[in-house]
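A.B. asks: Before anything else, here's the structure in question.
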Amino acid sequence: MALTGKTAIVTGAAGGIGLAIAQRFLHDGARVMIADVDHEKGEKAERDLAKLGKVQFVKADVGKRLDIHNLVAATIDAFGDIDILVNNAGIVHGADFLDLKEEDFDRVLQVNLKGSFLAGQAVARYMVEKVGNGGSPGSIINMSSINAVVAIANQLPYSVSKGGVNQLTRVMALSLAPYGIRVNAIGPGSIMTDMLSSVNNDPEAKNRILSRTPMGRVGEPSEIAAIAAFLASDDASYITGQTIYADGGRLPL
Ligand code: NAD
């Protein structure tokens, strides 16, 4: 199994894409620390995933430095190592540009961009020290979106945060390449999760999305998890600084 012996942290893993990534990593042999701000959903995910392998849940808000510190410490305490970080936690806030409130702009940026920075830096510092002591380098994966490069009305903070995630990925990759630590991003199109719940309930919105998606369907969380598993594995040993888009053909066409 491609991830046997490796330890991963997946943020926002109580549901949606993060849960699918945790599931796939366990299936591929990794030990997984799942972190989420939702305590109840996180504990349920831990119970549900326990049959697949070694998994623990820690409540953490990725936008808070102290929570990230505790998450890293809890992972080392539980599993003795960190090889993989997936900065998956993310939120959306829909509002017209003219009506957008400062606090909503800050909240989305705090989770989607600053959260990836805080967790990325804390884990990278651990990985750099490990490499210095003769340990193996790790892999960091940031969750971007096609909205990093495609603007959609009413989603200014989300689009700005994901554009930032792409640049964060490149700069982190440059800084960490000398240590052999790889940093990449995944840019999903429309994936069937709670985040897309408005589409589930609104046939017009669903048709709009499908008409823009050449493959004519939304994606499954497991299809994003497969990319995370590849980027986390040694099969991707010469890939760093990239954003891999999985969007049913939307972007290039
Ligand atoms: P989701 O809403 O189903 O799940 C997100 C999870 O993150 C939830 O469990 C939530 O509790 C958790 N979370 C929210 N704020 C947090 C915080 N501050 N700290 C820790 N955890 C927090 O969303 P999803 O669709 O699974 O999205 C996962 C990632 O994929 C996000 O970064 C999102 O932007 C990205 N993405 C999703 C889609 C899509 O169509 N679903 C498309 C492109 C990108």
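A.B. asks: Given 44/206; 51/114; 44/101; 59/114; 6/59, which pairs have Cα atoms separated by over 25 Å?
C.D. replies: Numbers: 44/206 29 Å; 51/114 33 Å; 44/101 34 Å; 59/114 18 Å; 6/59 21 Å.
Pairs exceeding 25 Å: 44/206; 51/114; 44/101.
A.B. asks: How large is the translational diffusion coefficient of the stretch 102-141 in µm² per second when you combine the Kirkwood radius over alpha carbon pairs with Stokes-Einstein at 20 °C and 1.002 mPa s? Kindly include the intermediate steps, with their values, before the conclusion.
C.D. replies: Numbers: Rh = 11.5 Å.
Once the numbers are plugged in, D ends up at 187 µm²/s.
A.B. asks: Return the carbon/sulfur percentage of the accessible area of the chain, one whole number, probe 1.4 Å, all protein chains in place.
C.D. replies: Working: 6380 of 12030 Å².
Here carbon and sulfur together make up 53 percent of the probe-accessible area.
A.B. asks: Two-decimal Rg/Rh of the stretch 113-253 from alpha-carbon positions, Kirkwood Rh?
C.D. replies: On the way: Rg = 16.6 Å, Rh = 16.1 Å.
Result: Rg/Rh = 1.03.
A.B. asks: Would you rank 172, 1 by solvent-accessible area, highest first, keeping every protein chain in place and using a 1.4 Å probe? List each step's numbers first, then the result.
C.D. replies: Working: 172 25, 1 155 Å².
Listed by decreasing accessible area, they come as 1, 172.
A.B. asks: In whole Å, what three semi-axes, largest first, describe the equivalent ellipsoid of the chain built from its Cα gyration tensor (square root of 5 times each eigenvalue)?
C.D. replies: Working: eigenvalues 158, 73, 69 Å².
Ellipsoid semi-axes (Å, largest first): 28, 19, 19.
A.B. asks: Could you work out [θ]222 nm for the chain from helices alone, using -39500 (n - 2.57) per DSSP H run of at least four and dividing by all its residues? Round to the nearest 500 deg cm²/dmol. Before the final figure, lay out each step's value.
C.D. replies: Working: 9 runs with 111 residues, N = 253.
Counting only the DSSP helices, I get -13500 deg cm²/dmol.
A.B. asks: Taking the Cα atoms only, what angle lies between the long axis of helix 16-27 and the longest principal axis of the chain, rounded to 10 degrees?
C.D. replies: Taking Cα atoms only, the helix is inclined about 30 degrees.
A.B. asks: How large is the accessible surface per residue of the chain, computed with a 1.4 Å probe and reported in Å² as a whole number? Don't skip to the end; give the middle numbers.
C.D. replies: On the way: 12030 Å² over 253 residues.
Computed with neighbouring chains in place, this is 48 Å² per residue.
The values are calculated or read from the model by the stated rules, or taken from the named source; none is laboratory data. Remember, predicted model here, so these are calculated numbers, not experimental data. Protein only, heavy atoms only, side chains kept; ligands, DNA and RNA dropped before computing areas. Shrake-Rupley method; radii C 1.70, N 1.55, O 1.52, S 1.80 Å.
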